[in-house]
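In what follows, a structure is listed as structure tokens, so that the remarks can point back to it.
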Amino acid sequence: MSEPRLCGLRWVGLAVRRGRATDLRFPDLELSPGEQAVVCGPSGSGKTTLLAALAGLLPFDAQQASVHGHDLVALQHYGAAAFDAFRARYIGLVPQQPLLLGAITVLENLLIAQRLAGVATDVDRARAQLDELGLQGLHARKPAALSRGQQQRVALARALINRPLILLADEPTANLDDALAEQVIALLQRQASRHEANLLVTSHDARVMAAFPRRVQLA
């Protein structure tokens with residue numbers, strides 16, 4: 001008898017309530033471990049809402065929702081603190097705005113992500129993660145001293161520092177020129193593959209959609 005196939009990311013009947021009577025309902029999806037996909041659709045179709053729900057930042061309803069066998073529906077019932085701990089350890093979130101902590105250095109932004117996940121602080125690993133993303137020499141700077149592209153790389157480094165099972169990136173090419181957009185997408189795909197994480201990117205950018213053979217289309 002063959003062993004059961006592990007699913008990286010899966011949801012069935014996923015819905016998020018918007019307003020008093022309106023539900024945003026999302027098409028079902030299943031990704032194998034390490035598989036990548038883009039969620040596309042016009043503004044207002046629920047792309048950011050979907051990522052927020054998967055990250056446990058918004059309450060959702062679903063028949064099934066899981067990340068590498070971890071039941072997100074059951075986890076949600078344990079309360080926000082339980083989902084916060086799971087997200088810190090297993091979900092790498094790259095929001096539209098980097099949302100870095102401005103009062104501390106680039107390196108310290110990664111170290112605090114380790115502490116929040118309950119893992120041992122590893123300065124060498126944090127430095128190596130930053131260097132891998134081309135941020136050598138910037139460890140001691142504060143976010144305000146970086147360019148937008150550098151801030152985005154720090155946000156990606158922070159999302160990857162705990163070796164997440166899934167990487168969620170929300171509109172990562174918004175307001176970027178063609179050259180930088182191509183660089184950012186290649187970086188996300190390469191880093192997700194290197195860490196064997198599922199990658200789910202939201203976008204209505206044709207440049208992004210062309211880079212992913214697997215698409216989830218929202219109305």
Residues of segment 78-130 satisfying the condition of being surrounded by 15 or more Cβ atoms within 10 Å (Cβ to Cβ) and basic (Lys, Arg): Arg87, Arg89, Arg125, Arg127
Those residues of segment 139-196 which are within 21 Å of Cys7 (Cα to Cα) and of a type in the set (Asp, Glu) amount to Glu196
Enumeration of residues in segment 162-176 that are surrounded by 16 or more Cβ atoms within 10 Å (Cβ to Cβ), over 12 Å from the mean Cα position of the chain (by Cα) and aliphatic (A, V, I, L, M): Leu176
Expected output for segment 206-219 (first residue within 18 Å of Arg190 (Cβ to Cβ), partner assigned to a helix (DSSP H, G or I) and among the polar types (S, T, N, Q), Cβ below 8 Å, 6+ apart or cross-chain) is Ala211/Gln189
Residues of segment 191-208 satisfying the condition of being surrounded by fewer than 19 Cβ atoms within 10 Å (Cβ to Cβ), at pLDDT below 90 and assigned to a helix (DSSP H, G or I): Arg194, Ala206, Arg207
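Restricting to segment 43-57, and then to whatever is assigned to a helix (DSSP H, G or I) and of a type outside the set (Val, Ile, Thr), can you tell me which residue is nearest to Leu9 (Cα to Cα)?
Of the residues in segment 43-57, the ones assigned to a helix (DSSP H, G or I) are 47-54.
Next cut, of a type outside the set (Val, Ile, Thr) only: 47, 50-54.
Working: Lys47: 16, Leu50: 13, Leu51: 12, Ala52: 15, Ala53: 13, Leu54: 10 Å.
Across segment 43-57, the extreme among qualifying residues is Leu54.
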Considering each of Ala155, Ala179, Ala140 in turn, give the residue that is surrounded by 20 or more Cβ atoms within 10 Å (Cβ to Cβ) and not basic (Lys, Arg). Ala155
Could you run through segment 81-136 and say how many residues are more than 20 Å from Thr173 (Cα to Cα), of a type outside the set (Val, Ile, Thr), part of a loop (DSSP other than H, G, I, E, B) and free of Cβ contacts under 8 Å to residues at least 40 places away in the same chain? 5
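The values are calculated or read from the model by the stated rules, or taken from the named source; none is laboratory data. Only a predicted model underlies this, so the values are computations on that prediction, with no experimental measurement involved. Note that we place each Cβ from the backbone using ideal geometry, even for glycine, and neighbour counts take in every protein chain shown.
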